[in-house]
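Throughout, read-outs are computed from the coordinates displayed, never taken from laboratory work. Since we're looking at a predicted model, the values are computed, not measured. Counting neighbours? That spans all protein chains shown, and the Cβs are built from the backbone with ideal geometry, glycine included.
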Amino acid sequence: MNLLLFGPPGAGKGTQSAFLVEQMGMHHISTGNLFREAVSKKTPLGVKAKAFMDAGQLVPDEVTIGLVEEVLAGLGGKSFILDGFPRTVPQAEALDALLSKMKLKLDKAVSFEVPREALTRRLTGRRVCDKCGAVYHVDSKPSKMAGVCDNCGGAVVQRKDDQEDVIRARLEAYDKSTAPVKEYYSKKGSLTEIQGTGTEKEVFERLQTSLRGN
Ligand code: AP5
């Protein structure tokens, strides 16, 4: 099964992707993670993406689409989850063209519905491991030892773009450029909306129910 997880910053796409990977062994394609890795390695892609990410703006479509094409081409038939892509209507159109060229199909697009105040709370309190990428929250999911990852002992830090002014810019970018993508999948008849509030496990149960087609 090939899936697209859709929603604003902080909706829980990365958290739910991790559950799906654990349970179904799918390949997780997060353009945000791929860009962060490229930034930390200072690759040409990272150099191009950094200023946009730091400002909470979207990386240009041609850069992002090229990156996803490369990853999809290397999957060798493994099922995948797209997280954070597509984020503009031109990206969604390019994805359709890529999938058809590669004879692949998207089975479902799932949109997580979370009120704006909750998104801001989730993002300002989020912490991530700088080594393995595990995601924490200072209130709802703290690491056992402050600043140390439970999984790998790496440093648990705040993402640079989780500062309030950058969060505001990311939410604006979502409203302006990404929200129309939801309409795009809705018109195609492949969109399912699920409530993204409640505990992470409750959201995962809803997600599983929706994937079973109930
Ligand atoms: P990206 O990394 O994709 O960021 P995002 O979409 O803003 O999504 P987030 O990672 O912030 O949120 P999430 O929905 O994954 O939430 P999470 O599960 O972590 O992109 C970063 C940047 O890269 C972009 O700004 C842009 O510059 C660039 N970029 C990426 N893709 C691009 C594209 N396609 N085109 C152009 N540019 C692109 O959860 C958040 C927090 O909430 C965590 O602390 C978690 O513990 C907590 N939480 C999760 N679920 C729950 C719950 N049910 N209850 C309570 N807390 C919860």
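A few notes on this one:
- Filtered by the rule that a residue be buried (at least 17 other Cβ atoms within 10 Å of the Cβ) and either aromatic (F, W, Y) or out of contact with any helix residue (DSSP H, G or I) (no Cβ under 9 Å at 6 or more places or on another chain) (or both), segment 20-51 gives a lone residue, F35.
- Of all residues in segment 94-135, those satisfying the criterion of being within 19 Å of K13 (Cα to Cα), hydroxyl-bearing (S, T, Y) and part of a helix (DSSP H, G or I) are T120, T124.
- Within segment 94-132, considering residues that are hydroxyl-bearing (S, T, Y) and in contact (Cβ under 8 Å) with a residue 24 or more places away in the chain, the one nearest to S40 (Cα to Cα): T124
- Of all the criteria given as (1) away from the ligand (no atom under 11 Å from the Cβ); (2) part of a loop (DSSP other than H, G, I, E, B), the one not satisfied by P9 is (1).
- Subset of segment 160-214 (residues that are hydroxyl-bearing (S, T, Y), assigned to a helix (DSSP H, G or I) and closer than 27 Å to K141 by Cβ): Y174, T178, T209, S210
- Only listed residue being in a loop (DSSP other than H, G, I, E, B), more than 19 Å from L106 (Cβ to Cβ) and more than 8 Å from the ligand (Cβ to nearest atom), chosen from K42, K50: K42
- Q16, sole failed condition from (1) touching a residue at least 24 places away in the same chain (Cβ under 8 Å); (2) more than 13 Å from the ligand (Cβ to nearest atom); (3) in a helix (DSSP H, G or I): (2)
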